[in-house]
Every structure is written in structure tokens, then in C-alpha cells.
Amino acid sequence: MPKPLLTIVIPCLNERDTIALVIKDARKHAQKYFPGQSEVIVADNGSTDGTKQILKKIRSIKVVHVPIRGYGAALHWGISKAAGKYILFGDADLSYPFSNLGKFKSLLSLNPDLILGSRLTGHIQKGAMPPLHRYLGTPVLTWIIRLLYHIPTTDCNSGMRLVKKGFYQKLNMRNSGMEWASELLLKTALKKGKYLETPIRFLKDQRRHPPHLSTWSDGWRHLKSIILLKASSLFVFFFFFVFLAAIVYPISYSLTSYSILLACVTFLSYLALRFLEFAIERKHNSVSTILNSNRLVIWVAQLSFVIGGSILLIPDSRLGTKLLLVSFNALLFIWVFLIETIKTHLVNRLPDADV
Ligand SMILES: Nc1nc2c(ncn2[C@@H]2O[C@H](COP(=O)(O)OP(=O)(O)O)[C@@H](O)[C@H]2O)c(=O)[nH]1
Ligand SMILES: [Mg+2]
């Protein structure tokens, strides 16, 4: 067969109730919209519920056995084995009907890097999405992403997307869990990929077991990737705490001090993140150059000397100010310890032995 234009990748973990019907649906619509130019891959994550046996019985289905657990890992493996120029993926639970494929196809002439199927601008069957996800979790995360990454997304958690394989390979993806989906979207924004959306139909899944997704821990992981991939997003929090400190200043000294400390924490976290970025990506930036030099410890030592002196000089009647300075000094020590630990264990790696 010549190189297909489209590969459908179906991530799968213990989906014996639905997998056969999902494959049938995927093949039917792939054949309808991309006749003779498509393939279907199931990326199985070590299913133990009989799914594997069902897959063995399905004629000429390509199965990729994924050694690492996680939604992201399953898709990453599936995509790396895909031959198509474009990859479309959708769950193995019958919630994303592949009849949506026609809408994706009609956008291909615009040469997209990523097309996201939006449930929130499309049609959501009654009971298909828990109200907490539909009205709170997804809209809030989507709003934060739009604000910080300037990408016009309306449904950041959608599980039906089409990505150009050549573009995907440039993204150096890291996450193996559900937050892989956020990473894909955020990196598309960061790499200035061509992003399009289409409304899709979303149905109630047809399986008997509950979703693998866990609302709070997965939500938290999504939020962490949103912040980690753009350190400057911490400035939003920084300015918020500075603003809060200014507001509560006439009311309460302790609340003001607390807000100032939180502002310091966010600023130091920003510096740590910029440095971590370097440790991981090995690309120097202005912050990492300073933090990576040995001057840092000396500077912090000098600064704490000054802070220590001020604490001694300030009269005991200003106890609150003294406490604030002591806390800030403690913060600085912890921060420098963190940076130095990262430097020793992450950045300055052992040189390779000469062979
Ligand atoms: N969470 C999770 N899902 C996986 C994994 N491997 C494959 N999947 C598949 O990823 C898809 C999304 O999971 P699902 O439970 O439907 O999550 P939800 O749609 O976000 O509620 C399903 O088709 C799963 O079978 C894994 O290790 N973890
Ligand atoms: Mg699902």
C-alpha cells in the first residue's frame, strides 16, 4: 500500500466492551473520507480484561503494544508507529464518533499542524460529560490557556484531534499521562503551529466501567503543565499577590506580610523554573546563565548578611517586620539550596567515560 494520508490512532486500556465497535466505526469512516489512503492503529496499554484477545480476532488490525502506562504514552507510541502524514486520534470508548472525520478532512486544504475537535462548540449528548468537567474544569483550564498562550482554543481537554506527524515530531513531548493532551496544545502555541478547530459531536461512552480519568489529580497535572511550559505565567500570580498586599495593607499587617511572602515565593519559583528549563532543554537563557554561575551562593550570602544586620538594627517594637525579614531569609536559603541541588544533580552531569 502507498503511504497513507491518514492514520487513526486509538489509545486503549481495558476496553473490551467497546473496542471492536470503535475499530469498526474508525475503519468505516476512514474508508468513506480517505478511501485507500488510511490505516487504523490500536495503541494498547497492557490491557488485562480480554481486550487483547478481542484484538487478535480482528482481521488485519495493526496493534502497538505500549510498554509504559498512560494515555499520553499510548498515543505517543501509536503516533510514532503511524505511517500517515496526518494522525487523528479518538478514545476507545465510543464517545468520539469517527463520523466527525469529514469535518477534519474539510480543513486539510488549509495545511494545519493541529486541528482540535471542540465538544463545547459542537454537540454534547446528554450525560456524556459530567457537569463538573463541562461547566467548570474544562472552561477554566481553557480560559487560562487562552490567556497565557494566546491560542484560540475552546475545549482544551478534547480527546479527538488531528495532528500532522512531521509537526508532532518536532515537539519533543514529555508527558505520559492525560496532561500529554495539554502539552500538545501548549507546544503547538509555543512553536507557532497552525492551529484550527472544528465543532464535533460527543457521545456518552458505551462501556460499563468508569473513565480512567481522575478529575482532581488529572486536573492538577494539566494545571502544572500549563505553568511549567511557560514560566512567565507565574507573573500573573506574582502581580496578584503584590496587588493583594497593597489592598490588605491598611487592614491587616499579617495578611500583608503573608501576601508579600507569597509574591516572593512565586518570583523565586519563576527563577527556578527558568533554570530548570535550561537543565532540561540545555538551552541557556539570561536567568540560567546567572544561576549557573558560582556567584549565586556568594550573592545570597551577602544579601542575607544585610538582611540579618537589618533584623538586628530594627527595634523590637517592629516585630512583624523582623519576622517578615526572617521568613524571607529562610526562603532564600531554601531556594538557593534547591538551585544548587539541581545544578549538581541535573545540570553538571558526569562526563562520559572515554572508551
Ligand atoms: N487514563 C488512561 N487511558 C488510557 C491509557 N491507555 C490507554 N487509554 C485510553 O485513553 C482513552 C481515554 O481514557 P478515558 O478513560 O476515556 O478518559 P476520558 O475520556 O478523559 O474520561 C481511552 O480510550 C482509554 O482506553 C492509560 O494508561 N491511562
Ligand atoms: Mg473517553
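The values are calculated or read from the model by the stated rules, or taken from the named source; none is laboratory data. Quantities reported herein were computed from a predicted structural model and do not represent experimental measurements. In this analysis, Cβ positions are derived from the backbone assuming ideal geometry, glycine residues included, and neighbour counts consider all displayed protein chains.
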Practice problem: Exactly one condition in (1) away from ligand 1 (no atom under 16 Å from the Cβ); (2) assigned to a loop (DSSP other than H, G, I, E, B); (3) in contact (Cβ under 8 Å) with a residue 12 or more places away in the chain is not met by CYS156; state its number. | Solution: (1)
Practice problem: Among the candidates LYS170, LYS165, single out the residue that is touching a residue at least 12 places away in the same chain (Cβ under 8 Å) and under 23 Å from ILE227 (Cβ atoms). | Solution: LYS170
Exercise. Under 6 Å between Cβ atoms, at least 6 apart or on separate chains: pull out the pairs that start in region 109-137 with a residue that is closer than 18 Å to PHE89 by Cα and end on any residue that is in a helix (DSSP H, G or I).
Key: ASP113/PHE167; LEU114/THR188; ILE115/PHE104; GLY117/ASN100
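Of everything in region 19-39, what is touching a strand residue (DSSP E or B) at 6+ places or on another chain (Cβ under 9 Å), touching a residue at least 60 places away in the same chain (Cβ under 8 Å) and within 16 Å of ligand 2 (Cβ to nearest atom)? Give them in sequence order. Before you say what the answer is, go through the steps one by one.
We begin by selecting, within region 19-39, every residue touching a strand residue (DSSP E or B) at 6+ places or on another chain (Cβ under 9 Å); these are 19, 22-23, 26-27, 29-31, 33-34, 37-39.
Next, from what is left, pick out any that are touching a residue at least 60 places away in the same chain (Cβ under 8 Å): 19, 22, 26, 29-30, 33-34.
Across region 19-39, the qualifying residues are ILE19, VAL22, ALA26.
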Exercise. Run down GLY159, GLY137, GLY177, GLY166 and say which single residue is crowded, with 18+ Cβ neighbours inside 10 Å and modelled with pLDDT of 95 or more.
Key: GLY159
Quiz item: Can you name the residue in region 1-25 that is within 15 Å of ligand 1 (Cβ to nearest atom) and in a loop (DSSP other than H, G, I, E, B) and, of all such residues, is nearest to ALA83 (Cα to Cα)?
Solution: LEU13
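Considering only region 181-234, state which residues are within 16 Å of ligand 1 (Cβ to nearest atom), of a type outside the set (Ser, Thr, Tyr) and in a loop (DSSP other than H, G, I, E, B).
Kept after step one, since they are within 16 Å of ligand 1 (Cβ to nearest atom), are these residues of region 181-234: 181-185, 200-223, 225.
Now narrow it down to the ones that are of a type outside the set (Ser, Thr, Tyr): 181, 183-185, 200-213, 216, 218-223.
Those that are within 16 Å of ligand 1 (Cβ to nearest atom), of a type outside the set (Ser, Thr, Tyr) and in a loop (DSSP other than H, G, I, E, B): LEU203, LYS204, ASP205, GLN206, ARG207, ARG208, HIS209, PRO210, PRO211, HIS212, LEU213.
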Quiz item: Going by the structure shown, is ILE58 over 26 Å from GLY122 (Cα atoms), among the β-branched types (Val, Ile, Thr) and more than 14 Å from ligand 1 (Cβ to nearest atom)?
Solution: yes
Practice problem: Could you pull out every one of the strands (runs of 3 or more DSSP E) wholly within region 38-146 that has 1 or more residues that are of a type outside the set (A, V, I, L, M, F, W, C) and touching a Lys or Arg at 6+ places or on another chain (Cβ under 7 Å)? | Solution: 38-44, 86-89, 114-124
Quiz item: Considering region 201-259 alone, what residues qualify as being small (Gly, Ala, Ser), buried (at least 17 other Cβ atoms within 10 Å of the Cβ) and away from ligand 2 (no atom under 16 Å from the Cβ)?
Solution: SER225, ALA231, SER233, ALA245, SER257, SER259
Practice problem: Please specify each residue of region 1-40 satisfying the condition of being surrounded by fewer than 23 Cβ atoms within 10 Å (Cβ to Cβ) and closer than 21 Å to SER176 by Cα. | Solution: LEU13, ASN14
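Within region 90-101, is even one residue away from ligand 1 (no atom under 16 Å from the Cβ), more than 13 Å from LEU162 (Cα to Cα), outside the structural domain of VAL236 (by TED's automatic domain parsing) and of a type in the set (A, V, I, L, M, F, W, C)?
Applying the first criterion (away from ligand 1 (no atom under 16 Å from the Cβ)) to region 90-101 yields 99, 101.
Narrowing further to those that are more than 13 Å from LEU162 (Cα to Cα): 99.
Checking the rest, the ones that are also outside the structural domain of VAL236 (by TED's automatic domain parsing) come to 99.
Still in the running and of a type in the set (A, V, I, L, M, F, W, C): none.
Among the residues of region 90-101, not one is away from ligand 1 (no atom under 16 Å from the Cβ), more than 13 Å from LEU162 (Cα to Cα), outside the structural domain of VAL236 (by TED's automatic domain parsing) and of a type in the set (A, V, I, L, M, F, W, C), which makes the answer no.
Check region 300-308 and report whether any residue there is more than 29 Å from ILE226 (Cβ to Cβ) and touching a residue at least 40 places away in the same chain (Cβ under 8 Å).
At the first step, the residues of region 300-308 found to be more than 29 Å from ILE226 (Cβ to Cβ) are 300-308.
Now drop any that are not touching a residue at least 40 places away in the same chain (Cβ under 8 Å), which leaves none.
No, the conditions are met nowhere in region 300-308.
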